[in-house]
Amino acid sequence: MDSLAAPQDRLVEPLLSPRTQAQRRLKDVDKQYVGFATLPNQVHRKSVKKGFDFTLMVAGESGLGKSTLVHSLFLTDLYKERKLLSAEERISQTVEILKHTVDIEEKGVKLKLTIVDTPGFGDAVNNSECWKPVTDYVDQQFEQYFRDESGLNRKNIQDNRVHCCLYFISPFGHGLRPVDVGFMKALHEKVNIVPLIAKADCLVPAEIRKLKERIREEIDKFGIHVYQFPECDSDEDEDFKQQDRELKESAPFAVIGSNTVVEAKGQRVRGRLYPWGIVEVENQAHCDFVKLRNMLIRTHMHDLKDVTCDVHYENYRAQCIQQMTSKLTQDSRMESPIPILPLPTPDAETEKLIRMKDEELRRMQEMLQKMKLQMQDQ
Ligand code: GDP
């Protein structure tokens, strides 16, 4: 079996363009570190001091290797205290949402990583609507952000919005199951979904190709919008374009996870030891783990956050404002004996102005209230 190249531990080269640095890192086969030290290349330096935060959701039937993959990706065991349920307990269990947060630091770059897990998902006898607690959770985070944004302390908002959801698909089926379609359709307008074929070592390469093709067809057929990798700039060099093409062609990524380091051809690698050989997690001939890790951590983390903010959150905000406006129209109709014409939908600029004025008004009211209380106390 192929073995990996010797680990390299290059430092960030400040004279190279961010893209070139990201490109170089893509070529690194580095087993010693996770790779988010390249995050400063994806965003402005000012954020480096503050640190980065990223919220990743993992979903899929239990036993598909979610916790093992998270461990392999971030080299951190977030599931030390996990209690595995018996079959009996699982029958009565409802879908839970669990959050694990860990601060990791690499070459002076801090990352506050939050993993949102969904134990119990897909485990019941009847799985209809089992994604409801998950959609509710994602909405609650948007709602909290929306409230904080309109509050007084807007500069220090804690961003708990889910930036990406790794959705694990079983390698044992013949494509998507109804629960997979249901989950992805319920969440695709709210979160960046990255579908994964779990436990890829259970399939031979031809089977993986076939399953990938099938899943791609079904994603299309059911109108599911999974996360789309951004288009590569036309002035990028050929090497980068090639890597970008390969990344896109590999989706849905077929991944393997392992919590153990084994010896293969004299080198210590993260892998799974079978009586017939070793499956290496970070060997690109064995699975797409490295592609997923590079995409998630080294090259597209910032884009995932941007899409969350500019597309998914904006959709949520627009819906909220629309609901609020129509409620206001309804209320004023009820209060006024004279029929009121429906309000024209404000354009973006007007809407922004209205919101700013509303916020100003609310802040002034709050200040007045505070002053009143202070005067009462004296
Ligand atoms: P979770 O319930 O989805 O979090 O699954 P776990 O990570 O706890 O994994 C369940 C079982 O599958 C464990 O025995 C793991 O060792 C095993 N496992 C995890 N990842 C893989 C993989 O990629 N391939 C294979 N064959 N087994 C795996």
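Find out how many positive minus negative residues lie around Ile197, taking Lys and Arg as positive, Asp and Glu as negative, among other residues whose Cβ is under 15 Å from that of Ile197. Value of the local net charge: 0. If you take all other residues with their beta carbon under 9 Å from the beta carbon of Ile104, and give Lys and Arg +1 and Asp and Glu -1, the sum is -1. Our coupling estimate for the range 203-210, obtained by passing each phi through the Karplus curve with A = 6.51, B = -1.76, C = 1.60 and θ = phi - 60°, is 10, 7, x, 5, 5, 5, 4, 5 Hz, Gly and Pro reported as x.
Between the amide H of Phe121 and those of Glu96, distances stay under 5 Å, these residues lying 5 or more places away or on another chain, with hydrogens modeled in the peptide plane. Note on the range 197-327: with neighbouring protein chains present and a 1.4 Å probe, carbon and sulfur make up 50 percent of its accessible heavy-atom surface.
The values are calculated or read from the model by the stated rules, or taken from the named source; none is laboratory data. Source: prediction; values computed, not measured. FYI the Cβ positions are ideal-geometry reconstructions off the backbone, even for glycines, and counts take in every protein chain you see. These accessible areas exclude ligands, DNA and RNA; they are computed on the full protein's heavy atoms, side chains included. Shrake-Rupley method; radii C 1.70, N 1.55, O 1.52, S 1.80 Å.
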